[in-house]
Structure formats: C-alpha cells, structure tokens
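Chemist: A single structure is presented below for examination.
Every number here is computed from the coordinates shown, using simple stated rules; none is lab data. As the structure is a prediction and not an experimental result, all values here were calculated from the model. Neighbour counts run over all protein chains shown; Cβ positions are idealised from the backbone, glycine included.
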Amino acid sequence: MDQTLESDTPPGQVDTIREVFQYLRRFAGKTFVIKIDYTITEDPHFPMLMADIARLHEVGIKIVLIPGAKERIDDILAVYRIEDRIIGGVRATSSEAIPFIKMAAFDVANRLMTNLSGADVNAVIGNWVRAKGIGVVNGVDYQSAGLVEKILTKEIRSLTDEGFVPILPCIGWGPTGRPYNIASNELAVVAASRLGAEKLFFITGGDGVLAGDYRVPEGIPVSPAGRISNLSLSDLEAFFAANPGLPPPEHLERARRACEGGVERVHILNGKKDGVLLKEIFSNLGSGTMVYSNRYSGIRPMKHNDVSEVLRVMEPFVRQGILVSRSEDALADGYRDYIVFEVDGAIHASAALHRYQDNCGEIAAIAVDENYSHLGVGPRLVGYLCELARKSGITRVFVLTTRTADWFLSLGFEEGDLSSLPEQKRAAYNLERKSKILIRNLE
C-alpha cells in the first residue's frame, strides 16, 4: 500500500476519487456530443480542453465533436469582402459565400483534429450530414443556408466503435452534392438526438445561466456563485413562464429540444475555465448549467384515435413473429391498457400492461420503431409500466416472449414456468408458440 496516500490524502479527496470511478463505470461506452464555440479555440485553455477530451476518449467514452465556426466565417468573408446577412440567427448564404464558408468550417475542424492528434487520438472529419435548403421564408431567400435532414448515424457509430473521434463541420450536403451552411448549434442538437447521446455539451465563453439576470422560480437550485446549476424539463417550463418577454438564455431552448429528442443531459459550460469539462462530468456539484430529461418524457397513455398508428409500429414485429397479431377492433377495445412514446406528435413505440387476479400483471406488445431503438425507449417503456403496476398494487409482472428473453433478463426479469402465471393466463397459454415465461417481482 502507498503509505503516503494512506496517511496524507484528505478525506474529501478520497471521496472525489471514488466519485470519479463511479462516473467512469457509468459512462464507459456512452456517446458524448461536444459542441465547441470558435472563440474557445483561440483561448489559452483550449489545448488543455482538447487534452481532457482525449482523456475521456481513452477511458472508453465515445466522443463526437461539433466545431462552431461563426466568428471564423465572419473573418473570412470580411477578408474577401463578401457581404452576407444574418436574419433571426440564420446566415443567408449566397452561392458566392459558400466556398469561403466551407473553407472556414473545415479550418476550424482541422484545429480540433490537430490538437487531438497531438494527444495521440485519431480523429476524422467527414461529410456525414445530409441537408436541405431552407428556401424562401417571409420573402427572404436563404439560398445556400440549410437544415439538417439526416445524420449518417451508422457510419458515425462504426467510427466511434473503432476508436476514432468523428468531427462534423457545419456543412451539410444535398442529394446532388450541393453544400449547405448549417448552424452548428442546431447540428449539435440533431446529432446528439439521432446518435442517442448520453450527454450534449455546449462549450461556450460564458458561465452558464446566471440567476441574477432572470426571475428564478422557487426550487430551482442556484450555486453560491449565482449560477443556475441544473433544471429538469419541468423546471425549464416554469423558468420560461416566469420570464415572459425576456429573450431566453442562449442554449436553453436547444437543451430542451435535445432532451425531448432522447438526450439524457445537456450541459452549458464556460470553456475558458481550466478543467471545466472534467469537473462537470466527474463531480456531483458540476461547474455549469445542466438541463436533464425526465426519464419518462414522451410516454403517455394511448388514446382511442392512436389505434392505426400503434398497429403501424407493431406491424414489423408481427411480420417477424416477435409479436402476436392484434386486430384493429381488439386494440380499440383494450387501448386503455396501452402506453405510447411520441416525439413531436408522432408515435414511435408502444407497450401494454394487462392486469390479472392475485396482484399480477403482464407486460406485453412492446414495439419500438427501429429508428428510435438507440434512444433506450424500450427499457423506458418497461420501467414506466413497472412503476405504473407498482402504484396500482401489482406485486409482480410477467412477460411471454419467443425472441427477446435475454433483453428482459437484463432488465431484472427471471425465468419462470407455467405455474408462475395467473390461472386465467395459464389456461390461454399457447403451447405451440412455446413462449418463454419471465417474471419480475415489484415488492
């Protein structure tokens, strides 16, 4: 044993070490999307920030970087005397300007790659963003300004699995190869949501959200330094409601959309402070402003008029033999047993809890659109139904499955047999289907 560590390490430092190990276990293999403002790349602390990002990569966290380029674009367009307009935060991009915007975007991306290379981390700059033009809005032709249409998530995940750090410049590509200028903050939100990122970081030049600038509803925590330290999505709604007429703090609306898109945590940090990223990740106290999602956000009871959409989500799983086919009439009659997961009003997953005698319930009909499976929607549905069952007095739940037993076992279920089922379900058990019976106690 190291006698120096044993005798001289303060108790608080030991607690910090334990905290770090706790977070390392939690985040190993997770994806972090980090958007870095251009101004940070010119700060003296920038090399240390990139070194810290390299350390996160080395311990098994999958990193995706989004470089901001606004100020660099401004500089290059000014040098070449190319006029442009920013309207509502969007740069109306002419065909004359787009080559210089590409130059600026890839220049900043190269700065990030160069620093990672110095830390012996392999990074790749690529064209994994598909875009479409904004078009003409209220009489303004945005020309080569675009919106994210698709992120090539499979290719990006393949790179992170192989140990690379993908870097996504603020350029998207249309179906004919036409480049579009995309707002890097918007790109960060969409990329984090589509990749199912555990965390999204906005590394800025400011100190998060300062309480002194706004009316802060009771119950929202404020740090001793006067910074709002964290907000849930419900806190965020209360915060917006308490400050009508004031422009919302930068990034808070983006944080809300990212959380609604499946990102667990969004962090707004001051990149001009040394070690800010590590302090935020490996400390319960944090160092910026965090917005976090309700684990069950997006989940709601099924409505009668959801029947056709739920059948659509179920259909691929019925075709594969994973789910038993349900008729429209049967689903309409039993819709009160079902819950759905929706994003922007569109249903992308469903599941059911059927109640039986003896305080027993069945979790059934779990179907998740494959485009949303990476967001952890399936476990969230099961967790929601287990909590719902517990609150209604159900002490154990069961599932019948032919193809997904391992998945349910990973969620805390255990193998059972016919005698584990309530009498009514035992009598209806399909011997030809030979479904596995899995049980989870809720007491």
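Chemist: If you average the alpha carbon positions of the range 251-282 and of the range 344-391, how far apart do those two centres end up, in angstrom?
Modeler: The range 251-282 and the range 344-391 have Cα centres spaced 29 Å from each other.
Chemist: Which FRET efficiency value, to the nearest 0.05, do you get for Ser435 and Val79 by plugging their Cβ-Cβ distance into 1/(1 + (r/R0)^6) with R0 = 56 Å?
Modeler: On the way: r = 68 Å, r/R0 = 1.22.
Once the sixth-power term is evaluated, E becomes 0.25.
Chemist: What residues qualify as long-range amide H neighbours of Leu231, i.e. H under 5 Å apart, gap of 5 or more or another chain, H built at 1.01 Å from N?
Modeler: Answer set, sorted by chain and number: Met290, Val291, Tyr292.
Chemist: Still on this structure: Please give the Cα centre distance for the range 76-147 versus the range 417-443, rounded to the nearest Å.
Modeler: 58
Chemist: Note down the nm distance, to one decimal, between modelled labels 7 Å out along Cα→Cβ at Ser392 and at Asn127.
Modeler: 5.3
Chemist: Could you work out how much longer the chain between Asp333 and Glu237 gets when fully extended? Use 0.36 nm per residue separation minus the Cα distance between them, nm to one decimal. Display every interim value, and only then the final one.
Modeler: On the way: separation 96, 0.36 × 96 = 34.56 nm, distance 3.54 nm.
Once the chain is fully extended between Asp333 and Glu237, it gains 31.0 nm.
Chemist: Using only Cα atoms and rounding to the nearest 10 degrees, what angle (0 to 90) does helix 377-391 make with the longest principal axis of the chain?
Modeler: Approximately 50 degrees, to the nearest 10.
Chemist: Counting other Cβ atoms within 10 Å, keep those with at most 13, restrict to DSSP loop, and tell me which GluC sites (Glu not before Pro) in the range 21-121 are left. Kindly include the intermediate steps, with their values, before the conclusion.
Modeler: Numbers: sites: Glu42, Glu58, Glu71, Glu83, Glu96; in loops: Glu42, Glu83, Glu96.
Answer by residue number: Glu42, Glu83.
Chemist: If you take the alpha carbon radius of gyration of the range 313-367 and divide it by 2.2 N^0.38 Å, what ratio comes out, to two decimals? Intermediate results must be reported in sequence, preceding the final value.
Modeler: On the way: Rg = 12.1 Å, N = 55, 2.2 N^0.38 = 10.1 Å.
Taking N as the residue count of the range 313-367, the ratio is 1.20.
Chemist: Here's something else I'd like to know. Could you give the length gained by full extension between Glu414 and Val59, i.e. 0.36 nm per residue of separation minus their alpha carbon distance, to one decimal place?
Modeler: Values: separation 355, 0.36 × 355 = 127.80 nm, distance 3.25 nm.
Result: 124.5 nm gained on full extension.
Chemist: Same structure again: Once each part is reduced to its C-alpha centroid, what is the distance from the range 224-248 to the range 148-180 in angstrom?
Modeler: Using only Cα atoms to place each centre, the spacing works out to 33 Å.
Chemist: Also: Using only the Cα atoms, what convex hull volume per residue in Å³ does the chain have? The partial results should precede the final answer.
Modeler: Details: hull volume 92.3 nm³, N = 443.
In the chain, the Cα hull volume divided by residue count equals 208 Å³.
Chemist: Further question on the same structure: Starting from the range 130-229, pick out the trypsin sites (Lys or Arg not before Pro) whose DSSP state is loop and whose Cβ has at most 15 other Cβ atoms within 10 Å. Display every interim value, and only then the final one.
Modeler: On the way: sites: Arg130, Lys132, Lys150, Lys154, Arg157, Arg194, Lys199, Arg215, Arg227; in loops: Arg215.
In loop regions of the range 130-229 (DSSP not H, G, I, E or B), the sparsely surrounded trypsin sites (Lys or Arg not before Pro) are Arg215.
Chemist: Measure nothing but the geometry: give the 0 to 90° angle between the long axis through the Cα atoms of 98-118 and the longest principal axis through the Cα atoms of the chain, rounded to 10°.
Modeler: The helix 98-118 is inclined about 80 degrees to the chain.
Chemist: When we measure straight from the Cα of Lys102, which lysines land under 30 angstrom away, once same-chain ones fewer than 8 places off are left out?
Modeler: Lys35, Lys62, Lys70, Lys132, Lys150, Lys154, Lys199, Lys272, Lys273
Chemist: Right, another one. Which value at 222 nm does the chain reach when only helices count, each DSSP H run of 4 or more adding -39,500 (n - 2.57), with the total divided by all residues and rounded to the nearest 500 deg cm²/dmol? Could you put the intermediate results ahead of the total?
Modeler: Numbers: 16 runs with 163 residues, N = 443.
After summing the helix terms and dividing by the residues of the chain, the value is -11000 deg cm²/dmol.
Chemist: Same structure, new question: Top mean-square fluctuation among Thr153, Thr404, Thr176, Gaussian network model of the chain, C-alpha springs under 10 Å?
Modeler: Maximum fluctuation in the GNM of the chain, among the listed residues, is at Thr176.
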